[in-house]
């Protein structure tokens, strides 16, 4: 049988996902040669691991019976739980602890992606292709660069969420999964959005375990919980155009782009960017919730139901630093799984849109901004997030009236259409 490297349909986009990230580096490299601008992929900070220092100082404060929030600049903006868990590293000193963190961050992201790919019934060959695409995204992607340089904890949130799904599906361990979900929520508040699919699909034991562990962790945090909400509220007021992938920043930058095109609405549209973003977010997530509500009555629960809420978790704050977008890498194996189950053309179109959005999130916005001297370079990752949200909502709507398909029989393998193999018999 003659072997073709790529399928003929543009919707078979996983290979194009990986190539687009590689091509992005080529575009930036050529631009660097043409304009002779210094090529940097991240804005300079005082030192690598700057964000981790806040967690380190918060941990040291707790060991000295002080508040973890007694840090200049209100920079520690999560619950005390991460600082408590980080206490053992404080005995090594900041430099050694930071070095350990630099090793653990890529391991946590890679292991998370491996677990995510293991949630679905792929063949070994298909899983290897999915893992290759994920590792390309990790090694060349803007969110991962940001995460490892700043030393933030979104990699641990990603790990806890994926491990929670893995423990639930592979071992049917609800209390362990509930603990992992609770830790994710206590590290960063946004995973609390996952209560929605658990309620819609009536996963009451699982949900009760999450609530139980949250209560325990809240009791541990009780002495400082008031300070946590105060600092969180203070930091939530900040906003910036660069290094921001939030829906609000994306809408504002789109308005600026319209201004370059001399569209009259641009002059006042930026003032209403938060309102427009709230309306768009409300419409898109309402579609997802409505479809899940309808399908929960006639369709078996699927891990992909939970994963489709991941982009919505990180889109809402006014400022979403790019390291938060790393969690959207987990959508890659989900898209491949759903592609194999999809029997309608329009389902695959919207799945391809999700892949396009995840691909755009990886674009090196800071490097492109330095080369072009244009703030609109920072629009690309946030635009990718918006496209992913639109793709998920549209896919849900297209799938609403379809008869649920169990298993993979009679469907076209996604990876096989991308990289068909010739087999000797």
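Which of these, 384, 134, 238, has the largest mean-square fluctuation under a Gaussian network model of the chain (Cα springs below 10 Å)?
238
Hey, rough spin-label estimate for residue 222 and residue 175, points 7 angstrom out along Cα→Cβ, what's it come to in nanometres?
2.2 nm
Convert 20 °C to kelvin, take the viscosity as 1.002 mPa s, use the Kirkwood radius over C-alpha pairs of the chain as Rh, and evaluate the Stokes-Einstein diffusion coefficient in µm²/s, rounded to a whole number.
Working: Rh = 22.6 Å.
D = 95 µm²/s.
Quick one: length gained pulling residue 260 to residue 46 fully straight, 0.36 nm per residue minus the C-alpha distance? Numbers along the way, then the final one.
Values: separation 214, 0.36 × 214 = 77.04 nm, distance 3.42 nm.
Additional length available on full extension: 73.6 nm.
Mind telling me which of 316, 261, 92 comes out most flexible in a GNM of the chain, alpha-carbon contacts under 10 Å?
For the chain, modelled as a Gaussian network with Cα springs under 10 Å, the answer is 261.
Tell me the relative contact order for the chain as a rounded percent, counting alpha carbon contacts under 8 Å between residues six or more apart. Let's see the in-between values first.
Details: 605 pairs, mean separation 104.6, N = 425.
Reported relative contact order: 25 percent.
Mind jotting down the distance between the C-alpha centroids of segment 302-353 and segment 29-76, whole Å?
28 Å
If you stretched the chain out fully between residue 32 and residue 94, how much longer would it get, using 0.36 nm times the residue separation minus the C-alpha to C-alpha distance? All intermediate terms of the calculation are to be shown ahead of the outcome.
Details: separation 62, 0.36 × 62 = 22.32 nm, distance 3.56 nm.
Going from the current span to full extension adds 18.8 nm.
In the calculated pair distance distribution of segment 1-138, what percentage of Cα-Cα distances lie above 27 Å?
Tail of the P(r) past 27 Å holds 50 percent of the pairs.
What's the exposure ranking of 131, 194, going from fewest to most Cβ atoms within 10 Å? Write out the running numbers ahead of the final one.
On the way: 131 19, 194 23.
Ranked by crowding around the Cβ, least crowded first: 131, 194.
Please work out the C-alpha center-to-center distance from segment 223-264 to segment 130-168 and express it in whole Å.
Using only Cα atoms, the two centres lie 23 Å from each other.
Would you mind estimating how fast segment 70-221 diffuses translationally, via Stokes-Einstein at 10 °C and 1.306 mPa s with the Kirkwood radius over Cα pairs, in µm²/s? Don't skip to the end; give the middle numbers.
Working: Rh = 16.9 Å.
The estimated diffusion coefficient comes to 94 µm²/s.
If I take every Cα pair under 8 Å that is 6 or more residues apart in segment 242-330, average their sequence separation and divide by the length, what percent do I get for the relative contact order?
Values: 69 pairs, mean separation 42.1, N = 89.
Computed value for segment 242-330: 47 percent relative contact order.
Dividing the convex hull volume of the alpha carbon atoms of segment 273-377 by its residue count, what do you get in Å³ per residue? Could you put the intermediate results ahead of the total?
Details: hull volume 13.4 nm³, N = 105.
Here the figure is 128 Å³ per residue.
Throughout, read-outs are computed from the coordinates displayed, never taken from laboratory work. These figures come from a predicted structure and were not determined experimentally. Ideal geometry is used to build each Cβ from the backbone, glycine not excepted, and the neighbour counts take in all protein chains shown.
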